[in-house]
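One structure is given here, and the rest of the page talks about it.
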Amino acid sequence: QVRLVESGGGLVQPGGSLRLSCAASGSIFRIGVMGWYRQTPGKQRELVARILSGGTTNYADSVKDRFTISRDNANNTVSLQMNSLKPEDTAVYYCYVVDVVPRIYWGQGTQVTVSS
């Protein structure tokens, strides 16, 4: 059983920062991609950022230059540093992991609210 546990969500004022973390545990084969999606009510889940096993990163245009994704391969963790947050960043953020089989695993989601 593979489990992804997220932490770090919450309420922050516009312009503020938050750091999300996600730890993968269990019988997970070698991890390829790690990343984050987000979803708001009535909208499709949107890819925020991803990082490949070699360190290559991709970001949604809406978060470039504000968010930074990183990973710790030794501990199977992925983090998302979010700076200069805007109200439109408000969403439930889900981490995901794709192993080399490939199989995809999802976290339970963590709420990020940007509001004054």
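The values are calculated or read from the model by the stated rules, or taken from the named source; none is laboratory data. Computed from a predicted structure; not experimentally measured. Side chains included, ligands, DNA and RNA excluded: accessible areas come from the protein's heavy atoms. Shrake-Rupley method; radii C 1.70, N 1.55, O 1.52, S 1.80 Å.
Of note:
- Counting only heavy atoms of the protein chains and using a 1.4 Å probe, Leu47 has close to 60 Å² of accessible surface.
- Each residue of the range 87-101 was assigned a 3J(HN,Hα) from its phi angle through the Karplus expression (A = 6.51, B = -1.76, C = 1.60, θ = phi - 60°), giving x, 6, 7, 4, 4, 8, 9, 10, 8, 9, 9, 10, 8, 7, 5 Hz with x at Gly and Pro.
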